[in-house]
Amino acid sequence: MPFAIVHVAKLPNLGEEYDQLREALQSLRTIIAESLTCDDEGGGLVPSDVEVKIRPAHHLDISDYDIEVEVEAMKFPSRLSSRKVRSRRIYNQFVTLLPPCYKNPSLWIKWVDAEFVDSTNCSDEYS
């Protein structure tokens, strides 16, 4: 399950730009799922597999970007072999949806080895 943390330097005031940001963030789930899905075992994705969390900037943060998307995704071989294409697809599709107040976005994709556990895939038996 990919996990996206979106660092936002400044949230727009309620209104058109706020609504546009909200819609872009909702679309980010689909963009990530479609861009990162793969045929490797466990690599198929649908939008509901992607979590998006928003992190407003802290006054002590230092960054040149006004919105930063940080994605953690399992490093399947087919994802790694086409990571540049996949990451640029996510970036290009997402930035076209952003309100004009965000002029300098960035994207990090971290390819990780991880294990996701929740109540649907956890049992009392440990191997």
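The values are calculated or read from the model by the stated rules, or taken from the named source; none is laboratory data. None of these values were measured; they are calculated from a predicted model. Because the Cβ atoms are built from the backbone with ideal geometry, glycine has one as well, and the counts that use them run over all protein chains shown.
Structure data summary
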quantity: Number of positions in the range 54-71 that are under 25 Å from residue 27 (Cα atoms) and either β-branched (Val, Ile, Thr) or in a strand (DSSP E or B) (or both); calculated: 8
quantity: Residue count, the range 77-110 (criterion: loosely packed, with under 15 Cβ neighbours inside 10 Å, more than 12 Å from the chain's Cα centre (by Cα) and not in a helix (DSSP H, G or I)); calculated: 5
quantity: Lone unmet requirement of (1) touching a residue at least 60 places away in the same chain (Cβ under 8 Å); (2) crowded, with 19+ Cβ neighbours inside 10 Å; (3) in contact with a helix residue (DSSP H, G or I) (Cβ under 9 Å, 6 or more places away or on another chain) for residue 1; calculated: (2)
quantity: Qualifying residue in the range 49-57 (condition: acidic (Asp, Glu), buried (at least 17 other Cβ atoms within 10 Å of the Cβ) and touching a residue at least 24 places away in the same chain (Cβ under 8 Å)); calculated: no
quantity: Criterion (among the basic types (Lys, Arg) and at pLDDT 95 or above) met by exactly one of 53, 10, 103, 84; calculated: 84
